[in-house]
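Q: Supplied in structure tokens, the structure appears directly below.
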Amino acid sequence: MKKIVVSLDYLSSANVPENANQERSISLPLRILDSSGRVVSEGVASSKGPATFDVSRVDGPTFVRLTWPSGKALTRRVEILDGRVGEVHFSDGEIRVNEWSGWAALRLGQEIATARNESRQPAAADSLGKIWVRMWTIKEAQWEPSPVEVQSTYVNDSVRQFDIRLDQSSSLLQMGGVNIPWRFVSLPGGGTCRVLFTRNVSDDPRADPLKVVVTGFRNEAETLLEFLARDSIRAANSMANFQLIARVLIEGITNDPVSAVAGAYFLLRTDGWKSIPLICFDRLCRDFPWLPDTSLILCVVMTRVGLKTQAEERKAAMLLGQCFDRGLPVYAEAVSLLKEAASVLIHVEGFRNLPSFKEIQILAASQAWTGSTFGFYGAVPWEPSPERLQGNPSRAKAVRTRTKSIQNEAEVHRSIAPPVTKLRDLKARTIAKVIPRTMRR
């Protein structure tokens, strides 16, 4: 018998602040192949402990292929004699990153130079520092400006990274710049999240010049959703522990509803939701009213089960509207489900006139790629738009024409939106000043 033992040493990719979620392990899908490229076995490499695979049927060299959420694959070749055990080790020491930004390399698929803590040394990265940001939070179905509470700041010539403390509410981080399209990124609330900004190295002229990566320090759930966002269903299936996800939903014992939402999205994509009682999704929606995703998930499950009465139709339509009253979804997986629910509910009397139906159409057209995290283009949260603006708020330009100034819109935005904060001015343990004004959709 021949065996391969695969270990994963990606500890720096799981580095988290003390007050964040304490999920420090990480798992990544891998495949065992023979010399002809045939898949011998599939499984998961985890930082929790080594995984063992039987390769007795393989003649000649064996290849172990590890896949990152970005789609990048690392392959190791190993020769194993009969009766022996081969060892393969993957380490993040091979990635030219440090313990702060290592987590993002797996999602970006590119090298990130070493960052330093800004509290120890002055900031560099002048070009990134000129990017401006705003924070928005939903309160009583209204978007309002909110402070950006930065706990830690890390920076170098190519990276700016911030740890931000968030309440239990739907929050959006807006960003833009002279050559940076205005866009929003949804942030996972209920704790500390980390946001990394870096230049996009892609040669594709259609690509955004800025890459933004977000983590709520929920490694397993977020990695799973990263694969789903790229339609890598095979990788997601090899990772997902269905029984664990189902038990969390059924028993309702989770202290982390954001991870439960991620599990529900996986179940909805893979039909695993059919084995979960409807009451469990109802409890998820009821117990965590600050998460817009929970209303959407229950709505979609109801439509898939079948709406047998007008009361059920009205409830499903109400849930879809409630999703927007609670804010906007955390994860990009929600967009396809929003369209699915709207296509089912379109025949419900009066539904076409609901704001949620119109918002879904525009929101889907305005979506911006931010990996598993939901992002969209626009000037204010209640008006997503596929029309991309860029520049400072005092003088917005349409990206498409690059010359036409949108003076009227820029003037309106100045009158209703809070002032912006440049990335270079965000410091740890400080709060950016905003105008305390109520914003209505």
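Residues are listed down the side, and each one gets a yes or a no for (1) modelled with pLDDT of 85 or more; (2) closer than 17 Å to Glu222 by Cβ; (3) more than 22 Å from the chain's Cα centre (by Cα); (4) of a type in the set (Gly, Ala, Ser):
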position: Glu23; (1), (2), (3), (4): no, yes, no, no
position: Ser27; (1), (2), (3), (4): no, yes, no, yes
position: Asp34; (1), (2), (3), (4): yes, no, yes, no
position: Gly37; (1), (2), (3), (4): yes, no, yes, yes
position: Ser41; (1), (2), (3), (4): yes, no, yes, yes
position: Pro50; (1), (2), (3), (4): yes, no, yes, no
position: Ser56; (1), (2), (3), (4): yes, no, yes, yes
position: Thr62; (1), (2), (3), (4): yes, no, yes, no
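Q: Then there is this: I'm trying to understand the selection: among the residues of the range 388-410, which are farther than 18 Å from Ile131 by Cβ and either among the polar types (S, T, N, Q) or at pLDDT 90 or above (or both)?
A: Residues satisfying the conditions are Thr401, Thr403, Ser405, Gln407, Asn408.
Q: Since Glu349 meets every condition but one in (1) within 13 Å of Cys299 (Cα to Cα); (2) without any contact (Cβ under 8 Å) to a residue 12 or more places away in the chain, which condition does it not meet?
A: (1)
Q: Residue by residue through the range 69-88, note down the ones that are surrounded by fewer than 13 Cβ atoms within 10 Å (Cβ to Cβ), among the charged types (D, E, K, R) and in a loop (DSSP other than H, G, I, E, B).
A: Once the filter is applied, which keeps residues that are surrounded by fewer than 13 Cβ atoms within 10 Å (Cβ to Cβ), among the charged types (D, E, K, R) and in a loop (DSSP other than H, G, I, E, B), the range 69-88 yields Glu79, Asp82, Arg84.
Q: Going through the range 152-204 one residue at a time, which ones are assigned to a strand (DSSP E or B), under 25 Å from Glu333 (Cα atoms) and either modelled with pLDDT under 85 or among the polar types (S, T, N, Q) (or both)?
A: Filtering the range 152-204 down to residues assigned to a strand (DSSP E or B) leaves 152-155, 159-166, 171-177, 180-187, 191-199.
Of the ones still in play, those that are also under 25 Å from Glu333 (Cα atoms) are 161-166, 171-176, 180-187, 191-199.
Answer for the range 152-204, where residues must be assigned to a strand (DSSP E or B), under 25 Å from Glu333 (Cα atoms) and either modelled with pLDDT under 85 or among the polar types (S, T, N, Q) (or both): Gln161, Ser171, Gln174, Ser186, Thr192, Thr198.
Q: Based on this model, can you work out whether Ser202 counts as out of contact with any Asp or Glu (no Cβ under 7 Å at 6 or more places or on another chain) and buried (at least 23 other Cβ atoms within 10 Å of the Cβ)?
A: Values: out of contact with any Asp or Glu (no Cβ under 7 Å at 6 or more places or on another chain): yes; buried (at least 23 other Cβ atoms within 10 Å of the Cβ): no.
Judged against the criteria, Ser202 is not a match.
Q: Name the single residue that is surrounded by the fewest Cβ atoms within 10 Å (Cβ to Cβ) among those in the range 345-379 being at negative phi, in a loop (DSSP other than H, G, I, E, B) and in contact with a helix residue (DSSP H, G or I) (Cβ under 7 Å, 6 or more places away or on another chain). Walk me through it before giving the result.
A: Of the residues in the range 345-379, the ones at negative phi are 345-349, 351-370, 372-377, 379.
Those left that are additionally in a loop (DSSP other than H, G, I, E, B): 346-349, 354, 366, 368-369, 374, 379.
Next, only the ones that are in contact with a helix residue (DSSP H, G or I) (Cβ under 7 Å, 6 or more places away or on another chain) stay: 346, 348, 354, 374, 379.
Details: Ile346: 11, Val348: 17, Leu354: 18, Phe374: 26, Ala379: 23.
Per the stated criteria, the residue is Ile346.
Q: What's the total number of residues in the range 298-337 that are assigned to a helix (DSSP H, G or I) and either over 21 Å from Val258 (Cα atoms) or not assigned by TED's automatic domain parsing to the domain that holds Tyr377 (or both)? Full working, then the answer.
A: Start the filter on the range 298-337 by keeping residues that are assigned to a helix (DSSP H, G or I), which leaves 298-305, 310-325, 334-337.
Add one more test, that the residue is either over 21 Å from Val258 (Cα atoms) or not assigned by TED's automatic domain parsing to the domain that holds Tyr377 (or both), and what stays is 303-305, 310-318.
So the count comes out to 12.
Q: Would you pick out the residues in the range 108-142 that are part of a strand (DSSP E or B), at pLDDT 60 or above and surrounded by 16 or more Cβ atoms within 10 Å (Cβ to Cβ)? First the steps, then the outcome.
A: Quick first cut of the range 108-142, residues part of a strand (DSSP E or B) only: 116-117, 132-139, 142.
Still in the running and at pLDDT 60 or above: 132-139, 142.
Across the range 108-142, the qualifying residues are Trp132, Val133, Arg134, Met135, Trp136, Thr137, Ile138.
Q: Of the conditions (1) modelled with pLDDT under 95; (2) farther than 27 Å from Thr215 by Cβ, Cys285 fails just one. Which one is it?
A: Failed condition: (2).
The values are calculated or read from the model by the stated rules, or taken from the named source; none is laboratory data. Keep in mind it's a predicted model, so treat the numbers as computed, not measured. Virtual Cβ from ideal backbone geometry, glycine too; neighbours counted across all protein chains shown.
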